[in-house]
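Below: the structure, in structure tokens.
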Amino acid sequence: MSENQQTGLRVSILASGSSGNVTYVESDKTKLLVDCGLSGKKATNLLHQVDRKPEELDAILVTHEHRDHIHGVGVLARRYNLAIYANEKTWKAMEPHLGKLDVGQKHIFDMDRTMTIGDLDVSSFAVSHDAVHPQFYTFHKNNKQFVMLTDTGYVSDRLRGLLKDADAYLIESNHDLGMLRMGRYPWSLKQRILGDKGHLSNEDGALALAELIGDRTKRVYLGHLSKENNLKAIARQTAEDILIRRDTGVGEAFELFDTDPEEPVPLFSV
Ligand SMILES: [Zn+2]
Ligand SMILES: [Zn+2]
């Protein structure tokens, strides 16, 4: 049996960063996108790069209404007749930006719920971010779990407990504090990013991670890097330093991986 058939849960982070986010999650019977913050055309190209086609998709799960998460959702859903899932408040906020959809495409995914989509169990949880009602998702299949956690200014104790010891994580590593402080963003935007409802810095992401990872954890992807205020090498170094100091087994018990705003990470088995 090939590695891909062992767990039945496979993921590729197709694009991640402040300019657009698209994640692909599949099981044997279900194929989903989480967010589509790039154009339909770009998302299609990214799917082709991991040997998948948009016409095979079942649904798009939306986390929140920011453009870097919904830009291509309407186009893709219309072209391939996909179901879209989001909570009610997010629907209200994003619907004017999606264009015309059939009522049958519109599905509600309430916060703090578990839904079974095809043969995948998906749970939603709240994050602390300046959108109307932002929620992220965790995916379960055959005792394996993949957690997505970006676009949050803060990781609560509740979340640390809820998301502990997953097999794989996509975690936010948005900005380097020094680069953000010295950079050319206006003061108000810097305050927004740094606030409790902004984004996790490299340091805060790694500190949260140090508490989340457990014996099961094998893969960690650093995501949602800011184009202006971060570099892959800095994000990675900051995370490694903190994870080594915390004696987490980075590079041995689990591997750290980069993500890219334009290149998909190879499809991996969770
Ligand atoms: Zn956002
Ligand atoms: Zn975002």
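Name the residue from G251, Y80, T30 whose Cα lies farthest towards the positive end of the charge dipole of the chain, charges +1 on Cβ of Lys and Arg and -1 on Cβ of Asp and Glu.
Result: Y80, furthest along the dipole toward the positive end.
Which percent, nearest 5, of DSSP beta bridges in the stretch 1-128 are antiparallel? Please list the in-between numbers first.
On the way: 14 of 23 bridges.
The antiparallel proportion sits near 60 percent.
Taking the highest mean first, how do the peptides 10-19, 258-267 order by number of other beta carbon atoms within 10 angstrom per residue?
Values: 10-19: 23.9, 258-267: 17.4.
Result, highest mean first: 10-19, 258-267.
In deg cm²/dmol and to the nearest 500, what is the mean residue ellipticity at 222 nm of the chain if only DSSP H runs of at least 4 residues count, each as -39500 (n - 2.57), divided by the residue total?
Result for the chain, helices only: -8500 deg cm²/dmol.
Net charge within 11 Å of H129 by Cβ-Cβ distance, Lys/Arg positive one each and Asp/Glu negative one each, not counting H129 itself?
-3
Evaluate the charge dipole of the chain about its Cα centre and quote only its size in Debye, nearest 20, assuming +1 on the Cβ of each Lys and Arg and -1 on the Cβ of each Asp and Glu.
With only Lys, Arg, Asp and Glu charged at Cβ, the dipole is about 640 debye.
Pop out the carbon and sulfur fraction of the accessible area of the stretch 148-228 as a percent, whole number, probe 1.4 Å. List each step's numbers first, then the result.
Numbers: 1830 of 3600 Å².
Taking all protein chains in place, the stretch 148-228 shows 51 percent carbon and sulfur surface.
How far is the Cα center of the stretch 1-70 from the Cα center of the stretch 106-159, in Å?
15 Å
How high is the relative contact order of the stretch 148-239, in percent, counting Cα pairs under 8 Å that sit 6 or more residues apart?
Numbers: 158 pairs, mean separation 40.8, N = 92.
Relative contact order for the stretch 148-239 comes out at 44 percent.
What percent antiparallel are the DSSP beta bridges of the chain, to the nearest 5?
50 percent
Could you give each residue of the stretch 50-55 its phi-based ³J(HN,Hα) in whole Hz, using Karplus coefficients 6.51, -1.76, 1.60 with θ = phi - 60°, and x for Gly or Pro?
Karplus values, whole Hz, x for Gly and Pro: 10, 6, 10, 10, x, 5.
What Kirkwood radius, in Å to one decimal, follows from the Cα pairs of the stretch 8-269?
18.2 Å
Tell me the per residue accessible area of the stretch 97-158 using a 1.4 Å probe; a whole number in Å² is fine.
For the stretch 97-158, the per-residue accessible area is 45 Å².
The values are calculated or read from the model by the stated rules, or taken from the named source; none is laboratory data. Small disclaimer: the values here were computed from a predicted structure and weren't measured. Ideal geometry is used to build each Cβ from the backbone, glycine not excepted, and the neighbour counts take in all protein chains shown. To get the accessible areas, we keep the full protein, side chains included, count just its heavy atoms, and leave off ligands, DNA and RNA. Shrake-Rupley method; radii C 1.70, N 1.55, O 1.52, S 1.80 Å.
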